[in-house]
Amino acid sequence: MAGRRKRIWCAVSGHGFGHFSQVAPILNQLAQTLPDPEIHVTGGVPQELIARMLVRPFTHDPHNRDVGLLQTDPLVVDRQATAEAVRRLHRDWPEKVAAEARLMAAWSPDLVLADIPYLSLAAARAVGVPSVAIASLTWDEVLAAYLPDHPELGQWLALMRDAYAAATLALLVTPALPVHPFPRSEIIPAITTPGVPHRARMRQVHDIADDRPVILVSLGGIPARTLPVDGLIRDTRFHWLLDVPCPAGYDHVHPLRILPELPFHDLAASVDGIVSKPGYGMAIAATASQVPFVYVRRGVFPDEPPICAWIERHGRAMELDGDAWRRGEFGVALQRLMRLPVKPVPDVRGAMVAAGLCLDRFLS
C-alpha cells in the first residue's frame, strides 16, 4: 500500500534485560532512517524499560513467547521448573504457532525481529513474513547445557532447532556462540549504545561528597535476593551502589537510584567500576565505556566463555571465584583493574550493521 508506514514486530525473550539491550539499538537505528515506523514489542520486558530505551513510540504485548531459564536468583537456575515450563510451552505446539501467527497476521508486520524466541520465528514462517534473528545465544544450546540428561531433551531440541531454522536470516552478535541452528547467518559486531557519563549527577543523587570511587554492584535484570552487603560494609575504600535494600547508618553503602532519564549504557559510563555477572548487556556496555568490570560466572551458561574472553581481551575485566563473591571481596580486583591502562574501544557498531542489513534486504 502506497505511503504505508513500515511495521516491525519485535519479539524479545523476557529472561533478564540483555536481549532487549541488543535489539533496542537496532530499532533506534531503523527509526532514524524509516519514516515514522510502527513498532510492536512482545515479551516479558518491563514496559518502563522499553520506554527508556526506545526513541520511538511502541505498542507492547507483555506475554512471554519462550521460557529461557527459570531462576530463583540471578546465579541459580531452577532446572526442574525450567523443564516443566518448556514442557508446557511445547505442549500443543502447532496450535501455539497458529495462535501466534494469527496475532502476527492481524498486525501485518513488514519484518519480524526476534531476540530470540523461536515461537515467533515459527509464526513468521507460517505467515510468510521475513524474520531476522538477533542472536548471541540460542535457547536450544542453553537447554542442552542445563538439562543434558533430561529424557525429553532430544525432542525439545528438534522442535526448537526447526523453529530457529525458519529465520530468514540470523545475525550472530559478537561475541556469539560458535554453534548455532541457523542455516542462513552472518556475524556482526558487538551491540551496545555508547554511554554518556553523568558522574556528577550520579554522585549528587546518592549524596556522595568525597572522591572515593563509585562502584555499581548489580546482577542485572533478574532481581537479586541478596548481595554480600556485610562484606561491602567492611570495605570503606569505595562507595557501593546496590540494587537491593541497604542497611541504614553507613555513608558508603547506597541503594541504587536509577534516574528516569538514564538508560543502562549511560549508567555504566557514570560509575567507576561494576561488579556483576557476565550477561551480555552489562558486560558489553562496561567494556565499551572501559569501566573496570569484576564478575562472577553463573555456571554452565554457554554464552559466558565467549563473553568473558571478549571482555578480558577488549576491556578491563577480572573474574571472581564464588567464595570471594559470597564474602564481598571485590576491592582488590577493582583496584588492580583501575591501575590498568584504558584499551582502545572495541567495535560495537553491531546495531548500525544490523539495521543496514534489515533496511537493504527487507525494508527498502
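The values are calculated or read from the model by the stated rules, or taken from the named source; none is laboratory data. Everything quoted here is computed from the prediction, not taken from an experiment. Here the Cβ positions follow ideal geometry from the backbone for every residue, glycine too, while neighbour counts run over all protein chains shown.
Kindly indicate whether any position in segment 8-21 is in contact with a Cys (Cβ under 9 Å, 6 or more places away or on another chain), farther than 19 Å from Asp360 by Cβ and of a type outside the set (D, E, K, R).
For segment 8-21, residues in contact with a Cys (Cβ under 9 Å, 6 or more places away or on another chain), farther than 19 Å from Asp360 by Cβ and of a type outside the set (D, E, K, R): present.
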**Request:** Go through segment 240-262 and give me each residue that's within 26 Å of the chain's Cα centre (by Cα) and more than 25 Å from Asp73 (Cβ to Cβ).
**Result:** Leu259, Pro260, Glu261, Leu262
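Taking Ser108 as the residue in question, decide whether it is among the hydroxyl-bearing types (Ser, Thr, Tyr) and either farther than 17 Å from Gly43 by Cβ or more than 24 Å from the chain's Cα centre (by Cα) (or both).
Working: among the hydroxyl-bearing types (Ser, Thr, Tyr): yes; either farther than 17 Å from Gly43 by Cβ or more than 24 Å from the chain's Cα centre (by Cα) (or both): yes.
So Ser108 fits the description; yes.
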**Message:** Please determine whether any residue of segment 19-28 is modelled with pLDDT under 95 and surrounded by fewer than 20 Cβ atoms within 10 Å (Cβ to Cβ).
**Reply:** no
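Of Val142, Val86, Val97, Val112, which residue is part of a helix (DSSP H, G or I), among the β-branched types (Val, Ile, Thr) and out of contact with any Asp or Glu (no Cβ under 9 Å at 6 or more places or on another chain)? Steps first, please.
Numbers: Val142 fails: out of contact with any Asp or Glu (no Cβ under 9 Å at 6 or more places or on another chain); Val86 fails: out of contact with any Asp or Glu (no Cβ under 9 Å at 6 or more places or on another chain); Val112 fails: part of a helix (DSSP H, G or I).
Exactly one of Val142, Val86, Val97, Val112 is part of a helix (DSSP H, G or I), among the β-branched types (Val, Ile, Thr) and out of contact with any Asp or Glu (no Cβ under 9 Å at 6 or more places or on another chain), namely Val97.
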**Request:** From (1) without any contact (Cβ under 8 Å) to a residue 60 or more places away in the chain; (2) assigned to a helix (DSSP H, G or I), pick out the condition that doesn't hold for Val45.
**Result:** (2)
**Prompt:** Tally time: how many residues in segment 352-364 are touching a residue at least 40 places away in the same chain (Cβ under 8 Å) and in a loop (DSSP other than H, G, I, E, B)?
**Reply:** 1
**Request:** Give the residues of segment 325-351 that are outside any loop (DSSP other than H, G, I, E, B) and within 25 Å of the chain's Cα centre (by Cα), sorted by residue number.
**Result:** Trp325, Arg326, Ala333, Leu334, Leu337, Arg349, Gly350, Ala351
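Considering each of Asp207, Asp140 in turn, give the residue that is acidic (Asp, Glu) and crowded, with 20+ Cβ neighbours inside 10 Å. Full working, then the answer.
Values: Asp207 fails: crowded, with 20+ Cβ neighbours inside 10 Å.
It is Asp140.
Suppose the filter is in contact with a Leu (Cβ under 7 Å, 6 or more places away or on another chain) and free of Cβ contacts under 8 Å to residues at least 60 places away in the same chain; does Ile50 pass it? Give the steps one after another, and end with the answer.
On the way: in contact with a Leu (Cβ under 7 Å, 6 or more places away or on another chain): no; free of Cβ contacts under 8 Å to residues at least 60 places away in the same chain: yes.
Answer is no for this residue.
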**Asked** Considering segment 1-18 alone, what residues qualify as being over 17 Å from His63 (Cβ atoms) and at pLDDT 95 or above?
**Response** Lys6, Arg7, Ile8
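Can you report the number of residues in segment 100-109 which are in a helix (DSSP H, G or I) and either outside the structural domain of Asp140 (by TED's automatic domain parsing) or not hydrophobic (A, V, I, L, M, F, W, C) (or both)? Before you say what the answer is, go through the steps one by one.
Residues of segment 100-109 in a helix (DSSP H, G or I): 100-107.
Checking the rest, the ones that are also either outside the structural domain of Asp140 (by TED's automatic domain parsing) or not hydrophobic (A, V, I, L, M, F, W, C) (or both) come to 100, 102.
The number of residues fulfilling the criteria is 2.
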**Asked** Looking at segment 166-173, is at least one residue of a type in the set (Ser, Thr, Tyr), in a loop (DSSP other than H, G, I, E, B), within 30 Å of Ala101 (Cα to Cα) and more than 18 Å from the chain's Cα centre (by Cα)?
**Response** yes
**Residues within segment 197-216 that are over 25 Å from the mean Cα position of the chain (by Cα) and part of a helix (DSSP H, G or I), tallied** = 5
**Request:** Could you grab me the full set of residues in segment 80-121 that are in contact (Cβ under 8 Å) with a residue 60 or more places away in the chain and surrounded by fewer than 15 Cβ atoms within 10 Å (Cβ to Cβ)?
**Result:** Arg87, Trp93, Ser108
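Give the number of residues within segment 63-79 that are of a type in the set (D, E, K, R) and surrounded by 20 or more Cβ atoms within 10 Å (Cβ to Cβ). Before you say what the answer is, go through the steps one by one.
Applying the first criterion (of a type in the set (D, E, K, R)) to segment 63-79 yields 65-66, 73, 78-79.
Subset that is surrounded by 20 or more Cβ atoms within 10 Å (Cβ to Cβ): 65-66.
Final tally of qualifying residues: 2.
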**Asked** Looking at (1) touching a helix residue (DSSP H, G or I) at 6+ places or on another chain (Cβ under 9 Å); (2) outside the structural domain of Val127 (by TED's automatic domain parsing); (3) modelled with pLDDT under 95; (4) on the phi < 0 side of the Ramachandran plot, can you tell me which one Arg225 breaks?
**Response** (1)
**Item:** Spans of strands (runs of 3 or more DSSP E) in segment 217-313 with at least 1 residues surrounded by fewer than 22 Cβ atoms within 10 Å (Cβ to Cβ) and touching a residue at least 40 places away in the same chain (Cβ under 8 Å)
**Value:** 253-255, 273-276
**Message:** Suppose we keep only residues that are in contact with a Lys or Arg (Cβ under 9 Å, 6 or more places away or on another chain) and assigned to a helix (DSSP H, G or I) within segment 314-324. Which one would you say is nearest to Ser218 (Cα to Cα)?
**Reply:** Gly322
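Yes or no: His15 on the phi < 0 side of the Ramachandran plot, out of contact with any Lys or Arg (no Cβ under 7 Å at 6 or more places or on another chain) and assigned to a loop (DSSP other than H, G, I, E, B)?
When the stated conditions are applied, His15 passes them.
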